[in-house]
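Reading through the structure tokens given below for one structure.
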Amino acid sequence: MNTPNTPNEKRRPVVLIVDDEARNLRLLDALVTPLDVEVISATSGQQALELTESLAPDVILLDIMMPGLDGIEVCRRLKSRHELRTIPVVFVTALTDAATQAAAIEAGAIGFITKPVQDVLVEASVKNALRMKELSDEVERLHQHREALSGMIAHDIRNLVQIVLGYAEMAQRVFELPKALKNMLAPIPPAAREILMMTTCLLDLSKLESGTLSLTTEPLDVLECARDRVAMISSRAHEQALGLEVADPGNRLVARADRSLLTRVIDNLLSNAVKFTPPGGTVLVDGALSTRHVVLGVTNDGPPIPSEYHRRIFEKFAQLEVRKATGLKGVGLGLAFCKVAVEAMSGTVEVESPVAGRSDGARFTVRLPVDECRG
């Protein structure tokens, strides 16, 4: 086994070899060491998981048949961890049947080395895996740079928009303005709030997709949260001559969810509903409880969404296509955020349009896991 890197040396790639037989470890160590890597070894699946978590190797050569945790289960567990899932796993195994290989690929392996091993295949497999890890690390670095830049831009935009919003609201509230000027100022506050919501959605959407936004789930009465958000948007609905209704299900609808994310999801769905409902229409919020899910619905009286776009409206970069095809000018980013946020809370969101029994409207339905300790 190689000696560890010293502080002054350039870091060498780390290869973890996992096998319950010492002779196999020695053989693979001898074949991998000449590739200018640091080799560490584990003799069980559990030890492999512990070493991977503490040392984060660049490549794992993993035996399948081991006592306790077998290689396929180890691979599954590694790939389920966001911070470990990009580590390439190459199986080293005597098993050659299609079912085993299919299970290994489904678990996340990038390749196989068949026992008895051949030195040229070991060398080629390790080099290929190292290239993949290097590319993956570079993508991650670029992603982090993009996130940092996006964060700075969004922060600056929000600061500027808040200044505009503050002065516009103060002018409307403090000064006696001519009617024409009031009418000119009227669109500024809602437009500014829309920009603030969009920038926040963009930032959090990116964090959710990269797994860097931490969630704190707790028992929450979903309809109670919805009532609070309806109260916040009621003045806007009143200005547009819209009705806002919250149906009473007769019982508490307690889900396991993150309060901040749930609030933002409801805000986006309500904002969309108010935006697309024509004057005189109604936005309806309702809920129900099933064995496994809490169901929250937000229904608007707006134009129907063609069925071919029911999935596309939840995609981050599909809004331009949807706008051109349907004329709906406010769809896209907010709904994309809703989808990713709800899925992060182990739920689902979908749209039904037109609403059942009607020729217009759209109903957005969120399903979240019911809190098992409700009551």
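Helix-only arithmetic for the chain: the sum of -39500 (n - 2.57) across DSSP H runs with n ≥ 4, divided by the residue total, places the mean residue ellipticity at 222 nm at -16500 deg cm²/dmol. Cross-link check: pairs K133/K316; K275/K316; K182/K316; K182/K207 evaluated at a Cα-Cα cut-off of 31 Å; pairs beyond the cut-off: K182/K316; K182/K207.
When you restrict to C-alpha pairs under 8 Å that are six or more residues apart and normalise by the size of the stretch 155-232, the relative contact order lands at 33 percent. The residues V18, V122, when put in order of fewest to most other Cβ atoms within 10 Å, stand as V122, V18. Here Rg and Dmax of the Cα atoms in Å was computed from the coordinates, and among (1) 27.4, 83; (2) 27.3, 90; (3) 23.4, 75 the match is (2). Positive end of the dipole of the chain (Cβ unit charges, origin at the Cα centre): among S214, A255, L242, the Cα lying farthest that way belongs to L242. Ordered by the count of other Cβ atoms within 10 Å of each Cβ, fewest first, S206, S235, S150 give S235, S150, S206. Model label points for M170 and E224, set 7 angstrom from Cα along the Cα-to-Cβ axis, are 3.8 nm apart.
What the Cβ-Cβ distance of E21 and L215 gives, at R0 = 35 Å and to the nearest 0.05, is a FRET efficiency of 0.25. Could you give me D for the stretch 28-139, from Stokes-Einstein at 4 °C and 1.567 mPa s, where the hydrodynamic radius is the Kirkwood radius over C-alpha pairs? Units µm² s⁻¹, please. The diffusion coefficient I find is 92 µm²/s. For the residues M232, M345, M198, a GNM of the chain with alpha-carbon springs under 10 Å puts the largest fluctuation on M232. Rg ratio for the stretch 237-302: its Cα radius of gyration over 2.2 N^0.38 Å, N being its residue count, equals 1.20.
Neighbour counting of Cβ atoms within 10 Å sorts the residues E308, E194, fewest neighbours leading, into E308, E194.
Here the chain is treated with +1 on each Lys and Arg Cβ and -1 on each Asp and Glu Cβ, and its dipole about the Cα centre works out to around 1240 debye.
Throughout, read-outs are computed from the coordinates displayed, never taken from laboratory work. Given the structure is predicted, the values throughout are model-derived calculations rather than measurements. Please note: Cβ atoms are built from the backbone with ideal geometry, for glycine as well, and neighbour counts cover all protein chains shown.
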